[in-house]
Amino acid sequence: MKLQNNIALKEWAAVLKALEEGKQTILLKKGGIAEEGGHFKPEHPEFFLYPTFEHQAPEDIKPDWRPRLAAIEKEHKDLKRIHFRLYAVAEAVEKVTDWDACRRVIPLTVLSEEAVQKRFHYGDWEGLYLFLIRVYALPVPLDLPHKPSYDGCKSWVPLETSMFTAGSLPVIPEGAWPYTHDKILKVLKG
């Protein structure tokens, strides 16, 4: 893991809460309309996780997680600051173009099947990128001031400030990680 980094990946705050609690270890990414060159690229192997509410809607989250949305939103009530609590290292990145393979990983996420299907069919190609990530909890949450350059429907955000990762601890313990890693890859491969 890098000692410091200035790259962040935007993801819905509800998904980040699931990652923080160890309930999810994958991200399903397609990209947004403001992506450089019009296409998402899985170009960074390590990144801070940037909580966003942009395009997050209750119907896109599984019903058992919906009651938690208000509390998750309350955690991020200061819209002038970004609250970073997590850092991620991509252990694997797969381009998934088979809907059946994608459907098999839906139980491993808090996203509803409809939300995953929308991401899968979005844009000019069918599919999405599955990130199998090792998530680390920062020893102290880091708050950065919000900058207009961070706005927009884009996934990768180069932060104006490089932040340190020292003292971060894995959300899923070392001994359990190989099992989790292998289980997800087996589910994906069918």
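The values are calculated or read from the model by the stated rules, or taken from the named source; none is laboratory data. Quantities reported herein were computed from a predicted structural model and do not represent experimental measurements. Here the Cβ positions follow ideal geometry from the backbone for every residue, glycine too, while neighbour counts run over all protein chains shown. Ligands, DNA and RNA are stripped out before the accessible areas are found, and what is left, the full protein with its side chains, is counted by its heavy atoms. Shrake-Rupley method; radii C 1.70, N 1.55, O 1.52, S 1.80 Å.
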key: In region 42-72, the residues that are touching a residue at least 60 places away in the same chain (Cβ under 8 Å) and of a type in the set (A, V, I, L, M)   = 49
note = Just one listed residue, out of 147, 80, 95, is under 16 Å from the mean Cα position of the chain (by Cα) and farther than 15 Å from residue 12 by Cα, and it is 95
request  = Answer yes or no: is there a residue in region 38-55 that is open to solvent by 50 Å² or more (accessible area, probe 1.4 Å), of a type in the set (Asp, Glu) and part of a strand (DSSP E or B).
outcome  = no
ask   = If you go through region 167-186 one residue at a time, do you hit one that is among the hydrophobic types (A, V, I, L, M, F, W, C), in contact (Cβ under 8 Å) with a residue 12 or more places away in the chain and over 18 Å from residue 19 (Cα atoms)?
value = no
request  = Search region 2-21 for residues that are part of a strand (DSSP E or B) and open to solvent by 10 Å² or more (accessible area, probe 1.4 Å) and pair each with any residue that is among the aliphatic types (A, V, I, L, M) and modelled with pLDDT of 95 or more when their beta-carbon atoms are under 6 Å apart and the residues are at least 6 apart or on different chains.
outcome  = 6/159
ask   = What are the residues in region 84-129 that are open to solvent by 30 Å² or more (accessible area, probe 1.4 Å), of a type outside the set (A, V, I, L, M) and part of a strand (DSSP E or B), if any?
value = 85, 91, 94, 95, 129
Sole residue being charged (D, E, K, R) and either modelled with pLDDT of 95 or more or outside any helix (DSSP H, G or I) (or both), chosen from 182, 78 = 78
